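Q: Structure provided below as structure tokens; questions to follow.
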């Protein structure tokens, strides 16, 4: 569906929620879900196939994941590093509260 880097960023293999998807011609072109984290937090992940980007599908699936998290009493969190992900998060009402630094020790 998408490249290795994008799939790693979305981390949909680790979701504990249902997967919310958009299919076209029987193929999943966008998906979202969340992983339940400590303190009743839902870490949202969204992924859209490259050929389906720019049509609002990340917002559709992301919105469904957020709504589900809220319905079960979780606080949605969106870690958005790529600019496109940050735009989707902002469109869904998320606000940037800080930044994250990752360090790899050789």
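Q: Find how much the distance from residue 86 to residue 28 grows on full extension, using 0.36 nm per residue of separation minus their present alpha carbon separation; answer in nm with one decimal.
A: Residue separation times 0.36 nm, minus the Cα-Cα distance, leaves 18.7 nm.
Q: At 0.36 nm per residue, and after removing the present C-alpha to C-alpha distance, how many nm does the segment from residue 40 to residue 55 gain when stretched out fully?
A: Answer, rounded to one decimal: 2.3 nm.
Q: Okay, next question. Where does the Debye-calculated log10 I(q)/I(0) of the chain sit at q = 0.16 Å⁻¹, using only Cα point scatterers of equal weight, no solvent?
A: -0.68
Q: Also: Which whole-number percentage describes the relative contact order of the range 4-91, with Cα contacts under 8 Å and a sequence gap of 6 or more?
A: With pairs under 8 Å counted, the relative contact order is 25 percent.
Just so you know, all these numbers are worked out from the coordinates, no wet-lab data involved. Note that this is a predicted model, so its numbers are computed, not measured.
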